[in-house]
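I have placed the structure first, in the form of structure tokens, so that the comments after it can refer back to it.
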Amino acid sequence: MSRIGIIQRSVPTIGLLCAALSGGAQAPARATSAEIRDIRYEVTFDASLAARRSVKVSTTFSVAGSGPVLLSLPEWTPGAYEISNFARWVDDFAVKGDGRDLTWSKQDYDTWRVEAAGAKSITVSFTYTADTLDNAMAWARRDFLLFNGTNLFLYPEGRPLTFGARVTVHTEQGWRVVTGMHANGENSYEASSYHDLVDMPFFVGRFDFDSAQISGKWVRYATYPQGAVSGAARLTAWDQLKRVIPPEVAVFGEAPWENYTVMQIADSSYQGASGLEHQSSHVDVVTPAAIGSPFQPSLYAHEIFHAWNVKRLRPQDMWPYAYDHAQPTPWLWVSEGITDYYADLAEVRGGVIDEKGFYTATAAKMREVADTKPVSLDDASIDTWIHPVDGTQYTYYPKGSLAGFMLDIMIRDASDNRQSLDDVMRELYMTVYKGGRGFTGPDWWSAVSKAGGGRSFADFASRYVEGREAYPWDRVLALAGMRATRQNAPRLGVYTFVDSSGVLVTKIEEGSSAAAAGVREGDYLLAVGDIPVTDEQFGEHFRAKFGAAAEGSPLAVRVRRGGSTLTLTGKLRFAPAELLLDADPKASAKAVRIRNGILKGAR
Ligand SMILES: [Zn+2]
């Protein structure tokens, strides 16, 4: 999902949104499949299938019970909070039992009903159209395939998802396979449950691949197409990974993966940058210009932090994941927003950005929230499944990040910097996640209160999480030796989010440079002056570049509107009170300790 400054996932097309609404409305009582055992999946992707953008999938199992076998494909991929109905890309569905053709029909739109007719061993096969460039989906090129297990792997409806499974990939000689799954033989993998199986996406084909030890475990970097991230760009990416991972490991005290794989596709048909997290990998899809941009380490840090926060420590509403219906939760402000806060912390603690960079990123979030209509973190979290159009979509990213920042400051203030939000995250990870369940509201707030020396945060929750009150920045920032100031600064005056087509304008401020140029909602921003717009950090470049320019000087804005590219001519406008953040030179010794604690991760 995307928001100003940070883009996590692509946003679905209108077509998928319609699917989401119809899928969400369906909540039938689910039937239960006959028990099946010894489930093996085979995925075939060779040059001829690649040319047709197809994958062949077969699922073989033995039937242990009586009655029909009901096999389903997921409606969504965890982390991508939208209904996609992967069954829609299935073609040539066929079933054989003990070598004979068996009859089948649809039980519902993502469930197939197979009559076993006494057969002991059944093989279900289909082809899957892999033509969607989205990190939750499947996408084939002539020499490459991305797929997610949710796209291809059937499960028995109504049965426990704790079954182990094996996957074998058949591909061309010389084509490579990479996945977070545990390898067990040549191009053969195993998972101990369906949940793990579908949380480990695959790259198959030709791509660049190397690895390095970080925090005592192997990290692997797989990038497509070959040569897209090479030379200095690859060294930079590795340097960023080596800087952001250790501060994240330090929060929890362990790197929870056997190995971790960063899987990245760069393609010019994709104009934003987004990532989708998994327990031991993540998949980024980026426009080529995003490689090496300031956004890159922020994306990596965000997605990797999710390995703890949401893939392991997760709201009870999504524990366990259910694949046949939406699982809305009011806690995405923790799962996404606080992950975003820790991405900033990992960058500053690891030295990817300096103190000033942290203030810049935080002030951008403060400006965005200030300019969005008030919405509670609970409501914004729940609403993500319906992709609301009132301007509050994804507000739980910046506003949740800022709620985490405020809580961090207040806990450090209450404990004279001996405790912090780090302790809350580690405590919940060690007790709730390792206790085998998801966290609840009482779990969260009691961990916060404990770190804060027993202080109640009920008032904070009711005003700033469940309520819509503006955050009390002047008071809270002072506790951390920081201050918000307002300065005359150039203001483009657009709000955007990044979808798979680019940086989409969602709102324009009256009297701004963008309004003067005639930018409209629905335009995709391509360039401002000579600053290319490849991610949402262009605003910082814009302020830096035009800060000393004269108000009213000409400003060209290039946009894509419908099928055409337009160059609009406007005038540079300044905002008299642009919110900026910096260190307070008059901070107390205690406030300086807290500031250093946040920025350095030290006590
Ligand atoms: Zn995220």
**Asked** When you go through Pro576, Pro532 one by one, which is the residue that is open to solvent by 30 Å² or more (accessible area, probe 1.4 Å), over 30 Å from Thr287 (Cβ atoms) and of a type outside the set (D, E, K, R)?
**Response** Pro576
**Fill in**
Being within 27 Å of Val503 (Cα to Cα), away from the ligand (no atom under 16 Å from the Cβ), modelled with pLDDT of 95 or more and more than 18 Å from the chain's Cα centre (by Cα) narrows Asp267, Asp324 down to just Asp267
**Request:** Residues being buried (at least 16 other Cβ atoms within 10 Å of the Cβ) and touching a strand residue (DSSP E or B) at 6+ places or on another chain (Cβ under 7 Å): count how many of those fall in the stretch 94-123.
**Result:** 15
**Message:** Tell me whether the stretch 142-150 contains one or more residues that are over 26 Å from Asn184 (Cβ atoms), in contact with a strand residue (DSSP E or B) (Cβ under 6 Å, 6 or more places away or on another chain) and aliphatic (A, V, I, L, M).
**Reply:** no
**Prompt:** Quick one: would you say Ser456 is open to solvent by less than 10 Å² (accessible area, probe 1.4 Å), among the hydroxyl-bearing types (Ser, Thr, Tyr) and either over 27 Å from the mean Cα position of the chain (by Cα) or within 17 Å of Glu368 (Cβ to Cβ) (or both)?
**Reply:** no
**Asked** Does the stretch 551-567 contain any residue that is open to solvent by 30 Å² or more (accessible area, probe 1.4 Å), among the small types (Gly, Ala, Ser), modelled with pLDDT of 85 or more and in a strand (DSSP E or B)?
**Response** yes
**Item:** Residues of the stretch 579-603 satisfying the condition of being small (Gly, Ala, Ser) and either in a loop (DSSP other than H, G, I, E, B) or open to solvent by 40 Å² or more (accessible area, probe 1.4 Å) (or both)
**Value:** Ala587, Ser588, Ala589, Gly601, Ala602
**Message:** Given the criterion crowded, with 21+ Cβ neighbours inside 10 Å, within 26 Å of the chain's Cα centre (by Cα) and over 30 Å from Phe252 (Cβ atoms), identify the matching residue among Thr496, Thr506.
**Reply:** Thr496
**Asked** If you go through the stretch 364-378, how many residues are modelled with pLDDT of 95 or more and either within 22 Å of Ser84 (Cα to Cα) or outside any helix (DSSP H, G or I) (or both)?
**Response** 3
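The rows are residues; the columns are (1) without any contact (Cβ under 8 Å) to a residue 40 or more places away in the chain; (2) assigned to a helix (DSSP H, G or I); (3) closer than 25 Å to Ala361 by Cβ.
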{"position": "Phe405", "(1), (2), (3)": "no, yes, yes"}
{"position": "Asp423", "(1), (2), (3)": "yes, yes, yes"}
{"position": "Thr431", "(1), (2), (3)": "yes, yes, no"}
{"position": "Ser446", "(1), (2), (3)": "yes, yes, no"}
{"position": "Asp459", "(1), (2), (3)": "yes, yes, no"}
**Selected residue [in contact (Cβ under 8 Å) with a residue 12 or more places away in the chain and more than 27 Å from Val369 (Cβ to Cβ)] from Gly552, Gly529, Gly547, Gly562** = Gly552
**Residues of the stretch 329-357 satisfying the condition of being surrounded by fewer than 24 Cβ atoms within 10 Å (Cβ to Cβ) and within 16 Å of the ligand (Cβ to nearest atom)** = Thr329
**Prompt:** Which one of Arg486, Arg475 is assigned to a strand (DSSP E or B) and open to solvent by 40 Å² or more (accessible area, probe 1.4 Å)?
**Reply:** Arg486
**Prompt:** Does Ala544 qualify as being at pLDDT below 90, surrounded by fewer than 15 Cβ atoms within 10 Å (Cβ to Cβ) and not in a loop (DSSP other than H, G, I, E, B)?
**Reply:** yes
**Test: residue in the stretch 55-63 that is part of a loop (DSSP other than H, G, I, E, B), at pLDDT 95 or above, touching a strand residue (DSSP E or B) at 6+ places or on another chain (Cβ under 8 Å) and away from the ligand (no atom under 16 Å from the Cβ)** = no
**Item:** Residue ID - farthest from Trp331 (Cα to Cα), chosen from residues in the stretch 58-110 that are among the β-branched types (Val, Ile, Thr) and in contact (Cβ under 8 Å) with a residue 60 or more places away in the chain
**Value:** Thr60
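The values are calculated or read from the model by the stated rules, or taken from the named source; none is laboratory data. Keep in mind that this is a model prediction, so the values were computed, not measured. Don't worry about glycine lacking a Cβ; one is built from the backbone with ideal geometry, like all the others, and counts go over all protein chains shown. Accessible surface is based on the protein model in full, side chains and every heavy atom, while ligands, DNA and RNA are left aside. Shrake-Rupley method; radii C 1.70, N 1.55, O 1.52, S 1.80 Å.
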